[in-house]
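Please treat every number below as a calculation from the coordinates, not as lab data. Since the structure is predicted, the reported quantities are computational estimates derived from the model, not experimental observations. Glycine gets a Cβ as well: all are built from the backbone with ideal geometry, and neighbour counts include every protein chain shown.
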Amino acid sequence: MNERNFKGVWIPKQIWECPTLTLQEKVFFTEIESLDNDEGCFASNGYFAEFFGLSKTRVSLVIKSLDRKSTRLN
């Protein structure tokens, strides 16, 4: 994993209080947002699998779920 200037995370109220997101989805959302460099997040499923200690299959399922739910977050 690449080193980055990282000092912590902040979870927006709308995400933290969203009853339809699981805790895992909230954490994924926060990591994706922290990697967004104004051009989007281009981290691979392999990156997230290593970062969170999950299988690539599980990462794919979480991201797909977030994608489905994202229209309700905006």
Report summary line: Per the helix-only model, the chain has a calculated mean residue ellipticity at 222 nm (DSSP H runs of ≥4, -39500 (n - 2.57) each, divided over all residues, rounded to the nearest 500) of -17500 deg cm²/dmol
Requested in this report: Would you work out the charge dipole size for the chain about its Cα centre, treating the Cβ of every Lys and Arg as +1 and the Cβ of every Asp and Glu as -1, and quote it to the nearest 20 debye?
Outcome: 340
Report summary line: GNM on the chain, Cα springs under 10 Å; top mean-square fluctuation among LYS64, LYS56, LYS13 goes to LYS13
Query raised in the report: If the convex hull of the alpha-carbon atoms of the chain is projected onto planes in all directions, what is the mean projected area in square nanometres?
Result: 5.2
Query raised in the report: At SER65 and LYS7, where each label point lies 7 Å from the Cα along Cα→Cβ, what is the point-to-point distance in nanometres?
Result: 3.2
